1. Check ALA88, ALA93, ALA59 and return the single one that is within 22 Å of the chain's Cα centre (by Cα), among the hydrophobic types (A, V, I, L, M, F, W, C), under 27 Å from VAL177 (Cα atoms) and at pLDDT 95 or above.
2. Which of the residues that make up the stretch 25-56 are over 16 Å from the mean Cα position of the chain (by Cα) and hydroxyl-bearing (Ser, Thr, Tyr)?
3. Being at pLDDT 85 or above and either buried (at least 20 other Cβ atoms within 10 Å of the Cβ) or within 30 Å of VAL155 (Cα to Cα) (or both) is the filter here; which residues of the stretch 251-265 pass it?
4. Please state which of the following conditions GLY273 fails to meet, knowing it meets all the rest: (1) within 20 Å of THR38 (Cα to Cα); (2) under 14 Å from the mean Cα position of the chain (by Cα); (3) not hydroxyl-bearing (Ser, Thr, Tyr).
5. If only one of LEU133, LEU48 is outside any helix (DSSP H, G or I) and touching an Asp or Glu at 6+ places or on another chain (Cβ under 8 Å), which one is it?
6. Can you go through VAL281, VAL258, VAL311 and tell me which one is within 17 Å of the chain's Cα centre (by Cα) and closer than 13 Å to TYR25 by Cα?
7. Give the stretch 72-126 a look and list any residue that's in contact with a Cys (Cβ under 9 Å, 6 or more places away or on another chain) and of a type in the set (A, V, I, L, M), or say none.
8. Which residue, of ALA62, ALA88, is farther than 25 Å from GLY37 by Cβ, in contact with a Phe, Trp or Tyr (Cβ under 6 Å, 6 or more places away or on another chain) and part of a helix (DSSP H, G or I)?
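The values are calculated or read from the model by the stated rules, or taken from the named source; none is laboratory data. Remember, predicted model here, so these are calculated numbers, not experimental data. Neighbour counts are summed over all protein chains in view; Cβ atoms, including those assigned to glycine, are modelled from backbone coordinates with ideal geometry.
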Amino acid sequence: MVETALPVAVGEPDRVRHPRRGYVYLVLAAALFALNGTVSKVILSSGLTAMRLTELRCAGAALGLGLAVLVVAPQQLRVSRRELPLLAAYGVAGVALTQCFYFVAIARMPVSIALLLEYTAPVMVALWARFVLKERVRNRVWAALGLSLVGLSLVAEIWQGSTLDGLGVVAALVAAVALATYYLLGEHSTGHRDPLSTTFWAFVFATLLWSVVQPWWSFPAGDTRGSTSLLGHLDDRSLPLWSLLLCMVVLGTIVPFVLVLSGLHHLPATRVGMVGMLEPVLAGVVAWVWLGEALGAVQLTGGVVVLVGIVLAQTAR
């Protein structure tokens, strides 16, 4: 889930950069995020709702990242009143809504297709900049929009009346809007906060939101004590649900987010975003090997076209 949404890094000091190390961090992060898509789909098949899964993921990530901030930069836990609205918006748009609607989408459609739809967020950002913010945007934005629309049409196979679940498509597009909002909020940040603590506070506010919407005392804890089938090619095997939830929080959230933030220390944000395009590709491979979610040749071609459009959109401003 854009899973690789990045907070803006403002006012960072000069530092020694090691681009190769940065790329290693980012590829590992993309692989873990990709694996998490399938793990999350298995968890959702057990009956846990997308909202409850998001709540658990946010709370677990907030705890883990909070411990990381305490070790690395405890002074960054302080928050001024001026920062609260932006951090709250990060938490609601960039974390709570993006992840929840992503989970809804992958429960109803292939993981790779859900991610392709969500990753159209940069195209939305470029169009917003052109028509609302009245910024100068390179003409390649039109090529990006055209390629994305053509690619998505191929993925959905619209000449067959669309082979995708309607609610799943809507959920993925809402996740894309939430992710685009997160990007825009990051660009217009007026604070001077490091990415790690920003991400931590975003998860904190997301957790607070879900705690109000669905209080913890109503959480179906008993449902997490059983086992669930691993589905697909591993359908004859099962694992305790709590172990999959732990994997989702630690390996699917905390570790890859820290890797992405570490990558930001060595590479510019635009390049980090482009490397993040590996996630839908790797997610498709994992879902194919594990769940048997195979895409047709036309859908694969459409996916490549969409990714090219997204890369163009990221470089259009």
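1. Working: ALA88 fails: at pLDDT 95 or above; ALA93 fails: at pLDDT 95 or above.
The conditions single out ALA59.
2. Filtering the stretch 25-56 for residues over 16 Å from the mean Cα position of the chain (by Cα) gives 25, 42-49, 52.
TYR25, SER45, SER46, THR49 - these are the residues of the stretch 25-56 that are over 16 Å from the mean Cα position of the chain (by Cα) and hydroxyl-bearing (Ser, Thr, Tyr).
3. Hits for the stretch 251-265 are LEU251, GLY252, THR253, ILE254, PRO256, PHE257, LEU259, VAL260, GLY263.
4. Failed condition: (1).
5. Details: LEU133 fails: touching an Asp or Glu at 6+ places or on another chain (Cβ under 8 Å).
None of the other options fit; the residue is LEU48.
6. Details: VAL281 fails: closer than 13 Å to TYR25 by Cα; VAL311 fails: closer than 13 Å to TYR25 by Cα.
Only one candidate passes the filter, namely VAL258.
7. To start, the set of residues in the stretch 72-126 that are in contact with a Cys (Cβ under 9 Å, 6 or more places away or on another chain) comprises 91, 95-96, 99.
Within the stretch 72-126, VAL95, ALA96 meet the criteria.
8. On the way: ALA62 fails: farther than 25 Å from GLY37 by Cβ.
Only one candidate qualifies: ALA88.
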